[in-house]
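One structure below.
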Amino acid sequence: MQNMKFIRKLPIPMDVKEQYPLKSEYAEKKILRDREIADIFCGKDDRMILIIGPCSADREDAVLDYITRLAMVQEKVSDKLLLIPRIYTNKPRTTGDGYKGMLHQPNPEAAADMLEGIIAIRRLHTKAIEETGLFCADEMLYPENYRYLSDLLSYVAIGARSVENQQHRLTASGMDIPVGMKNPTGGDISVMLNSITAAQHSHTFLYRGWECVSSGNLLAHAILRGLVNQHGESLPNYHFEDLEHLYYEYSARGLANMAVIIDTNHANSAKKYAEQPRICKEVLHSCRHSAEIRSYVKGFMIESYLEDGAQKIGEHVYGKSITDPCLGWEKSERLILEIADLL
C-alpha cells in the first residue's frame, strides 16, 4: 500500500473513555434523559424534539456558549419541547475536499491531527453535558469511531450519503438511542425505509475487529432533508403531500415506533438558512390538519449558531459557521419559543 502512509496507532475507545470519563452523576442523568427522548419517539410523550445547533462544531468556546444559551431556553419550553444540541464533529464533504470537522482538525486552520481530534471531540461533548445538563447529538459519519462517544450521545444522525452503507445500518442496529436515517440526496424514500428496516433488525457482523451480534434498534427512524434532482436543483420534501405519502409508505412496512424528523435546512431550504422558521411553521400547520401526520412527526433538525450565515475559514467571526450557513441566535431563540406556542 505505497499510497497509504500509516502515521501511528490510535488508542482504543475504552482507553480514551477511561482517560476522559463522564462524571458518574451525569451518566445517571443520561439514563433518565434517554428515557424521555425514547418516550417521545415511542408516542408515550407528545412533546416535540428539536435537534438544533451549528452545522459543524468548529471551536469549543463558541459551541459551549451556544449550548449554555440553549439550556436556558430549554427551561422555558420544557412542557412542549425537548432540545438536543447538535455537536457535529465529523463533516461529510461532497468532493472529499474542505473542512472535515473537529475529529480531523481540532483547529480548522492547522493540519489534520486525528489523535488530538479524538480527544477534542470527547472533551467537547463531555463539557457540554457537565456544564449545561443537555445531552447532545452527533453525526455517525464513521461507524468505527462511534465508540469514542457512545457513552455521551443521546441521538445519532446518519447522513444522506451514508444511509445506503451497510456498516452504518448494522452499527445503528446495535445502538440503544434514536438513530435518524436521512433520505438519500436523490430523494428515494425507499432507500431510507430500507435503512430503518435494517437498523431495527438483529445482525451478526464485523465491528472494530470483533464478531458481534446486535439486538436491533427500534428507535431508528426517518429524517426528511429534501433532495437534489437530475439537474442539480434542490427540491423540498416537507410539504403536506410529502408527509402524507411517507406516512403510508412507512405504515406499509410495519416498522416499530414510526417517526420522522424534518431537517429544515440542506435541500429542504436550498441552504437558505433564513427559510427554516417558515418550514417549521408549515410542517406544524400540516400537523394541525392531519392526526396521522402529527402522530409521526416528532420534531425538527435546525442548523443554528450564534451568528447568522457562514464565513470562510480564517475570518474569525466568533460563533459563525464555517460550513453551511446557520440561523443566528436571536432568530433561533425566537423560533424555539414560537414552535412551543404553536404546539
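Residue-wise HN-Hα couplings along the stretch 87-104, as the Karplus relation 6.51 cos²θ - 1.76 cosθ + 1.60 with θ = phi - 60° gives them from phi, are 10, 8, 9, 10, 10, x, 10, 4, 9, x, 9, x, 5, 9, x, 4, 4, 7 Hz; Gly and Pro carry x. Share of Cα-Cα pairs in the chain beyond 32 Å, in percent? Across the chain, Cα pairs with separations above 32 Å total 24 percent.
For Met301, the residues 5 or more places off, or on other chains, whose built amide H falls under 5 Å of its own are Ile51, Ile262, Asp263, Thr264.
Once you've got the Cα coordinates, tell me which of Lys23/Lys320; Lys9/Lys30; Lys100/Lys281; Lys271/Lys331; Lys17/Lys182; Lys76/Lys182 are over 23 Å apart. Can you show the working numbers first?
Values: Lys23/Lys320 31 Å; Lys9/Lys30 31 Å; Lys100/Lys281 32 Å; Lys271/Lys331 16 Å; Lys17/Lys182 29 Å; Lys76/Lys182 30 Å.
Pairs exceeding the cut-off: Lys23/Lys320; Lys9/Lys30; Lys100/Lys281; Lys17/Lys182; Lys76/Lys182.
Regarding the stretch 138-225, what whole-number volume in Å³ per residue does the convex hull of its Cα atoms give?
Values: hull volume 6.8 nm³, N = 88.
Taking the convex hull of the Cα positions in the stretch 138-225, it is 78 Å³ per residue.
Do the sum for the chain: with -39,500 (n - 2.57) for every DSSP H run of n ≥ 4, divided by all residues, what is the mean residue ellipticity at 222 nm, to the nearest 500 deg cm²/dmol?
-12000 deg cm²/dmol
Nothing charged except the Cβ atoms of Lys and Arg (+1) and of Asp and Glu (-1): what's the magnitude of the dipole of the chain about its Cα centre? Round to the nearest 20 debye.
Details: 40 positive and 47 negative charges, 94 e Å.
It works out to roughly 460 debye.
If you look at the Cα atoms of the stretch 288-343, you get an Rg and a Dmax of 15.2, 48 Å. For Glu139, the amide hydrogen comes within under 5 Å of the amide hydrogens of Thr89, Asn90, Ala157, counting only partners 5 or more places away or on other chains and with H modelled in the peptide plane. Give me the log10 of I(q) over I(0) for the stretch 37-125 at q = 0.13 Å⁻¹, as the Debye formula computes it from C-alpha points; what are the numbers? Values, matching the q order: -0.53. For the stretch 44-84, the share of alpha carbon pairs falling in successive 10 Å distance bins from zero is 28, 47, 22, 3 percent. Within the set of other residues whose C-beta is less than 13 Å from the C-beta of Asp39, count the net charge using Lys and Arg as +1 and Asp and Glu as -1. With Lys, Arg at +1 and Asp, Glu at -1, the neighbours total +1. Stretched out straight at 0.36 nm per residue, the stretch from Asp79 to Asp97 would grow longer than its current Cα-Cα span by 2.2 nm. Working note: Karplus 6.51/-1.76/1.60 with θ = phi - 60° gives the stretch 57-64 the couplings 7, 9, 8, 4, 5, 5, 5, 5 Hz, where Gly and Pro are set to x.
FYI, it's all coordinate maths here, none of it is from the lab. As the structure is a computational prediction, the values presented were derived from the model and not from experiment. Here Cβ is always computed from backbone atoms with ideal geometry, including for glycine, and neighbour counts include all displayed protein chains.
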